[in-house]
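K.L.:
Next up is a structure, given as structure tokens.
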Amino acid sequence: MVESISNILKYLEKKDIYLDKKEFSFQVNSHPAFPSLLSIVSALNVNKISNYAIEIDNSEINELPEDFMTFIEFTDHKQEFTFVEKISEGYLVSGKHKMSEKDFLLKWNNIVVLLDEPEPFSVEKKKGGYRMLFVSIIIVALLIYSYYQMNIFHFIYFFLSLCGFLLSVLSLRKVFGIESPVMNKVCSGTYTDCSFSEEEKNRNFISGFGDYSLVYFFTNIISVLYLDTITFITIQKILLIIIVPIIGYSLFYQFFRIKKVCPMCIGIIILLLLQTYILFL
């Protein structure tokens, strides 16, 4: 079933639909009907991915769309739920196995799952694009204004703090309801995972890293705008000295405890180290 879930997620990505692998796996595996097809269909419905399963005869296979999902028997009578694409030579299964139509018809179970992507999905995508454009314009305008109002030290520190604030927001994208295909790609992989920095359950010191950094960088932005230079530098040096052990523990937790890297957390850490370097020059 692990391979089947991976196949489903790859197929969804081809449709520009991105789901959290850990959460989707939990939804499928915890379903009362697991490991039947119903557990997969229900998990898709929970994520508001409209779909329907149908059973067809071999004679009707040409009426199917160019791609679909179905069960294929590979070896030892074990079936794997996978996605299928029509090609000139026959069928491409899981993006890697080529089969002639004759072989395919011998190995599939005649049950097909098709996606019925709703119209609101694309509308919401457009709205999200407009929001991102609006935020980007505000950020650029703010940076241009700051460049002409601050000395170079304050501007660089302000710029790094603003970048850190944005990374902190992205690390908590589920909390803020941010959906980004690019971010989902960055955060999904064998050795990468952003979920431990944003999950509400099983919260611990490191899982709150995004919360702490959000508050820290927001405080930096306000401080650099309103505090005099000497007071600002003094406070920042104290805060950064406190933060160094937190950075060390975060890296230890990622590389040695869970053995996965949180790209957003690494980005935040790099910005913190750059700020430390600038302050202690």
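The values are calculated or read from the model by the stated rules, or taken from the named source; none is laboratory data. Worth saying up front: this structure is predicted, and the values here are computed from it rather than measured. We place every Cβ from the backbone using ideal geometry, glycine too, and count neighbours over all the protein chains shown. All accessible areas refer to the heavy atoms of the entire protein, side chains included, with ligands and DNA or RNA removed. Shrake-Rupley method; radii C 1.70, N 1.55, O 1.52, S 1.80 Å.
K.L.:
Taking the stretch 252-265 as the region of interest, how many residues are in a helix (DSSP H, G or I), surrounded by fewer than 15 Cβ atoms within 10 Å (Cβ to Cβ) and under 20 Å from the mean Cα position of the chain (by Cα)?
P.N.:
Counting residues in the stretch 252-265 that are in a helix (DSSP H, G or I), surrounded by fewer than 15 Cβ atoms within 10 Å (Cβ to Cβ) and under 20 Å from the mean Cα position of the chain (by Cα) gives 1.
Per-residue answers, yes or no, for (1) over 12 Å from V112 (Cβ atoms); (2) not basic (K, R):
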residue	(1), (2)
N7	yes, yes
K14	yes, no
P32	yes, yes
Y52	no, yes
E55	no, yes
E60	no, yes
F74	yes, yes
F83	no, yes
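K.L.:
Yes or no: the stretch 227-236 includes at least one residue that is of a type in the set (S, T, Y) and under 15 Å from Y212 (Cβ atoms).
P.N.:
So far as the stretch 227-236 goes, no, none of its residues is of a type in the set (S, T, Y) and under 15 Å from Y212 (Cβ atoms).
K.L.:
When you check K96 against the structure, is it within 15 Å of L114 (Cα to Cα), among the basic types (K, R), within 27 Å of the chain's Cα centre (by Cα) and assigned by the TED database to the domain that holds K107, yes or no?
P.N.:
no
K.L.:
Within the set of pairs 6 or more residues apart or between chains, which connect a residue that is assigned by the TED database to the domain that holds D211 inside the stretch 231-260 to a residue that is open to solvent by 50 Å² or more (accessible area, probe 1.4 Å) with Cβ atoms less than 6 Å apart?
P.N.:
Listed pairs, sorted by first residue: K260/Y191.
K.L.:
Taking the conditions exactly as written (open to solvent by 60 Å² or more (accessible area, probe 1.4 Å) and either modelled with pLDDT of 85 or more or aromatic (F, W, Y) (or both)), does Y216 satisfy them or not?
P.N.:
no
K.L.:
Let me ask another. If the requirement is being of a type in the set (A, V, I, L, M) and modelled with pLDDT under 85, which of these qualifies: L239, L273?
P.N.:
Of the residues listed, the single one that is of a type in the set (A, V, I, L, M) and modelled with pLDDT under 85 is L239.
K.L.:
Hey, another quick one. Taking P35 as the residue in question, decide whether it is open to solvent by 20 Å² or more (accessible area, probe 1.4 Å), in contact with a helix residue (DSSP H, G or I) (Cβ under 9 Å, 6 or more places away or on another chain) and either part of a loop (DSSP other than H, G, I, E, B) or at positive phi (or both).
P.N.:
yes
K.L.:
Still on this structure: Could you look through the stretch 44-62, keep only residues that are over 18 Å from K107 (Cβ atoms), modelled with pLDDT under 90 and in a helix (DSSP H, G or I), and pick out the one that is most open to solvent (accessible area, probe 1.4 Å)?
P.N.:
V46
K.L.:
Okay, moving on. Where the second residue is surrounded by 12 or more Cβ atoms within 10 Å (Cβ to Cβ) and in a strand (DSSP E or B) and the first is touching a residue at least 24 places away in the same chain (Cβ under 8 Å) and among the aromatic types (F, W, Y) and lies in the stretch 46-60, which pairs have Cβ atoms under 8 Å and are six or more apart or on separate chains?
P.N.:
Close Cβ pairs satisfying both conditions: Y52/V113; Y52/L114.
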